[in-house]
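The structure appears right after this line, and notes come after that.
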Amino acid sequence: MTLVPEINGERLLGRLDAFARIGATPAGGVNRQAFSVEDRSARRLLAELALERGFAIFQDGIANLFIRREGSDATLPPLLIGSHLDSQPTGGRFDGALGTLSAFEALEALEDAKAETKAPIEVVAWANEEGSRFAPGVMGSMAFTGADTAAWKSIVGSDGASLATELEATIAALPEARLRSTGMPISGYIELHIEQGPSLEKERMPIGVVTAVQGTRWLEVSIEGTAGHAGTTGLAYRRDPMVAAIAAIHRLQTTIMPLDTSARLTVGRIAAQPGSINAIPQSVSFTVDLRHPQPERLDAIEAEVREVCAAEAEAQHCTATIKRSFDMPGAAFSPDMVKIIEDAVSSLRLPHKQMISGAFHDALFIARVAPAAMIFVPCRDGLSHNEAEYVEPANAVTGARVLLQAAIAAASPR
Ligand code: HGY
Ligand code: MN
Ligand code: MN
């Protein structure tokens, strides 16, 4: 007699606590940046849990981690469910981890119930989703869907580490995971994630069914001036890139978002060289993260950033150079997979709303090769990429229950 697979909420919440201790920060968040020692520890813990259950584990050349549960028809391509384990430097306990650990919990629930699915199901922990240590983000899912990764070998991280070295060490740290080539046919992909915005909580809605993701673009701006003595260089002799950078950032922040409420422009990192208290900087570099649901607006805003940086640099007799380090066009998810998730929500007699994701996710790239969609749960005050990120335990479990039902339906098409 087969039991009905049920999410074990206590086990899932215990797992979330255990993973939150890996890279835990004093303020209650996590620092588990891609290919770091902490990231490797989290991958090891997940792998050991999987091996204990007798699941097969694999990794590919970009260190995507896969945990496989067989289906009745091994010839069918697997359904993938999962998210990521890497975090922001001062990240939250749920961004990525909730989706990855809920996917593993779904596999355990199927195993506990000895339930059979037609297609195999594989849990995936995508490598380097965040991109904060090694830009660009979503490296794992980009590589999985055919991105040319040759240029990544020379990437140096925000901490000066070599991507190639850190990636090699990460793969070597999990010899139990059989190596497989990057990319394979899959039957579909479902990702559970926190909303990372305020709307579900504001509307007291337990589930969001994500129908699309907006576009993201990252720019690296560098303004070059002339280093000089802070005490002896009068105004007329200064070519100060700091003044130009601040003027450019101020102009952008007082025009772009106030005039276009769908636009998102963020300067997350700024650095001066040589960074000495008593030297006019030689150069100042800063990052720009642009988001917009309409591609043509992304282009227009990028053009504006370029124009404003060039003008403010020139006003200080400096020069600005701008490099695009990441371009992730937005996309709509598969209506079929959205329907599978909505049917799962209804089968659990839950309300839900359809929504577009303001954050990018691995699902955006996976949607290029297979039917994909996402499930969102509320997070407190919409906070994320913040150590205070929090999800009510009941909402976390509800999200996992929807993921399980949707996975069962997607892996056993009628
Ligand atoms: O930046 C993002 O949108 C994602 O949360 N990494
Ligand atoms: Mn995430
Ligand atoms: Mn994130």
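Data table
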read-out: All positions within the stretch 349-373 that are among the β-branched types (Val, Ile, Thr) and in contact with a strand residue (DSSP E or B) (Cβ under 8 Å, 6 or more places away or on another chain); value: Ile356, Ile366
read-out: Candidate set: the stretch 347-368, residues that are surrounded by fewer than 17 Cβ atoms within 10 Å (Cβ to Cβ) and outside any helix (DSSP H, G or I); chosen: the one nearest to ligand 2 (Cβ to nearest atom); value: Ile356
read-out: Residues being in contact (Cβ under 8 Å) with a residue 60 or more places away in the chain and either assigned by TED's automatic domain parsing to the domain that holds Leu364 or in a helix (DSSP H, G or I) (or both) - total across the stretch 219-262; value: 7
read-out: Scope the stretch 333-362; condition of a type in the set (A, V, I, L, M) and more than 25 Å from Thr149 (Cα to Cα); matching residues; value: Met337, Val338, Ile340, Ile341, Ala344, Val345, Leu348, Leu350, Met355, Ile356
read-out: Residue, nearest to ligand 2 (Cβ to nearest atom), within the stretch 97-137, restricted to residues that are under 16 Å from Gly157 (Cβ atoms) and touching a helix residue (DSSP H, G or I) at 6+ places or on another chain (Cβ under 8 Å); value: Glu129
read-out: From Leu101, Leu163, residue being within 16 Å of ligand 3 (Cβ to nearest atom) and under 21 Å from Asp39 (Cβ atoms); value: Leu101
read-out: Qualifying residue in the stretch 172-194 (condition: in a helix (DSSP H, G or I), open to solvent by less than 20 Å² (accessible area, probe 1.4 Å) and among the aliphatic types (A, V, I, L, M)); value: no
read-out: Output for the stretch 338-370, where each listed residue is more than 24 Å from Glu201 (Cα to Cα) and aliphatic (A, V, I, L, M); value: Ile366, Ala367, Val369, Ala370
read-out: Residue pairs meeting the criteria (Cβ under 8 Å; at least 6 apart or on separate chains; first farther than 13 Å from Pro136 by Cα, in the stretch 148-164; second exposed (fewer than 10 other Cβ atoms within 10 Å of the Cβ)); value: Ala164/Ser154
read-out: Qualifying residue in the stretch 206-228 (condition: open to solvent by 30 Å² or more (accessible area, probe 1.4 Å) and within 16 Å of ligand 1 (Cβ to nearest atom)); value: yes
read-out: Residue list for the stretch 19-61, filter: open to solvent by less than 10 Å² (accessible area, probe 1.4 Å) and in contact with a Ser or Thr (Cβ under 6 Å, 6 or more places away or on another chain); value: Gly29, Val30, Arg32, Phe35, Asp60
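The values are calculated or read from the model by the stated rules, or taken from the named source; none is laboratory data. Everything numeric here is computed off the predicted structure, so don't read it as measured data. Backbone-built Cβ (ideal geometry, glycine too); neighbour counts: all protein chains shown. Side chains are part of the model used for accessible areas, which takes the heavy atoms of the whole protein and leaves out ligands, DNA and RNA. Shrake-Rupley method; radii C 1.70, N 1.55, O 1.52, S 1.80 Å.
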